[in-house]
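Before any comments, here is the structure.
The values are calculated or read from the model by the stated rules, or taken from the named source; none is laboratory data. These numbers come from a predicted model, not from an experiment. Cβ coordinates were reconstructed from backbone atoms using ideal geometry, including for glycine residues, and neighbour counts include every protein chain displayed. All accessible areas refer to the heavy atoms of the entire protein, side chains included, with ligands and DNA or RNA removed. Shrake-Rupley method; radii C 1.70, N 1.55, O 1.52, S 1.80 Å.
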Amino acid sequence: MITEFGLSQWTETPDSSAQSSMIDALENGHVLLFKSLPFQLEPHEKKFLTPEIINTPKRKNISYNLNNKDMKGCENPAVAQMMDRFSNSASQLINNLFPHYKNHIKTGRTSYRPVEIATRAPLSGSKDDRLLHVDAFPATPVAGKRILRVFSNIHPNHGTRDWRLGKSFAEAMEKFIPQISKPLPGIRTLKKLFKITRGYQTLYDYYMLNLHNTMKADENYQRKYPDIYALPSQSTWIVFTDAAPHAAMGGQFLLEQTFYLPPENMAFPERSPLKRLEKFLNTPLV
């Protein structure tokens, strides 16, 4: 599930053979790990390597929107500048590695996670990222779009980001989707009407959110994959988090950038969760 590639510059463009290998692994649910690709902080940014940089109680991260410069969890404009710089670096990286995504991918939120996840106060089961899951958003329907994320571990003292990984999306789908009941008639329209969701929750979003929750609630499934993968400090990795079962077990000081990609713009659209679910359920989901 983790495939390493040699890359040391955010502006580097691999040759076509390397690009083909990367996209095949990425779209097959692998984590693409670049151990020699650090996101370098500016000298004045190193003081942000503290959980106290978050100014909102109970938040686990600082969230930044490149499109409108909105930041939540912190009011320091220099932190926004750091996250803006990371977002632009991540965009350039994706465009260089996967050029045929370039005209179709959309930039989502940037996140800075300075809190140690292993010792964080327990959250409700559905919100605990220490449980294996695929990504799905309760309030933000994506209507089948892929969730692509770039992570950089910026820990200053060789601290790792520790993940667990499940076997595959197909395994999780075949195990858990049959356990999920069809939605009640009209419920998804009511969620939009009462602004429980930002837009209409498609059948795809309904099944993915319930898959996310059912995976986390199954203790036998969680125990099935105990192995820890230590992702090194000063490394970067890329993964479609909607298709790779993952859990973050430990680590702090992480930058993350989210992107959205229509599945029809993948090299292998049939590997998308949307196409896999539609085939499995034998019905359109968007």
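A single entry from 167, 175, 182 fulfils the requirement of being touching a residue at least 40 places away in the same chain (Cβ under 8 Å), open to solvent by 40 Å² or more (accessible area, probe 1.4 Å) and under 20 Å from residue 283 (Cβ atoms): 175. Against the numbered list (1) closer than 16 Å to residue 162 by Cα; (2) among the polar types (S, T, N, Q); (3) open to solvent by 60 Å² or more (accessible area, probe 1.4 Å), residue 222 comes up short only at (3).
Filtered by the rule that a residue be open to solvent by 40 Å² or more (accessible area, probe 1.4 Å) and either within 14 Å of the chain's Cα centre (by Cα) or not polar (S, T, N, Q) (or both), the range 145-161 gives 145, 156, 158.
The residue list 244, 248 contains one member that is part of a loop (DSSP other than H, G, I, E, B) and not β-branched (Val, Ile, Thr), which is 244. The set of residues in the range 252-268 that are open to solvent by less than 50 Å² (accessible area, probe 1.4 Å) and over 19 Å from the mean Cα position of the chain (by Cα) contains only 267. Could you list, in sequence order, the residues of the range 19-35 that are assigned to a helix (DSSP H, G or I) and either open to solvent by less than 30 Å² (accessible area, probe 1.4 Å) or among the basic types (Lys, Arg) (or both)? Selection gives 22, 23, 25, 26, 27. Criterion first (modelled with pLDDT of 95 or more and in contact with a strand residue (DSSP E or B) (Cβ under 7 Å, 6 or more places away or on another chain)) does residue 149 satisfy it? It is true that residue 149 is modelled with pLDDT of 95 or more and in contact with a strand residue (DSSP E or B) (Cβ under 7 Å, 6 or more places away or on another chain).
Kindly provide the set of residues from the range 106-120 that are exposed (fewer than 13 other Cβ atoms within 10 Å of the Cβ) and touching a residue at least 60 places away in the same chain (Cβ under 8 Å), ordered by number. Within the range 106-120, 106, 118 meet the criteria. Listed residues 88, 103; which is in a loop (DSSP other than H, G, I, E, B), under 29 Å from residue 28 (Cα atoms) and open to solvent by 50 Å² or more (accessible area, probe 1.4 Å)? Result of the check over 88, 103: 103. List pairs: first in the range 259-286 and over 16 Å from residue 173 (Cβ atoms), second open to solvent by 50 Å² or more (accessible area, probe 1.4 Å) and part of a loop (DSSP other than H, G, I, E, B), Cβ under 8 Å, 6+ apart or cross-chain? Filtered contacts from the range 259-286: 260/145; 261/104; 261/145; 262/104; 262/145; 265/104; 268/28.
Of all residues in the range 123-136, at least one satisfies being without any contact (Cβ under 8 Å) to a residue 24 or more places away in the chain and of a type in the set (A, V, I, L, M).
Yes/no per residue for (1) in a loop (DSSP other than H, G, I, E, B); (2) free of Cβ contacts under 8 Å to residues at least 24 places away in the same chain; (3) crowded, with 17+ Cβ neighbours inside 10 Å:
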{"site": "37", "(1), (2), (3)": "yes, no, yes"}
{"site": "44", "(1), (2), (3)": "no, no, no"}
{"site": "47", "(1), (2), (3)": "no, yes, no"}
{"site": "67", "(1), (2), (3)": "yes, no, no"}
{"site": "71", "(1), (2), (3)": "no, yes, yes"}
{"site": "78", "(1), (2), (3)": "no, no, no"}
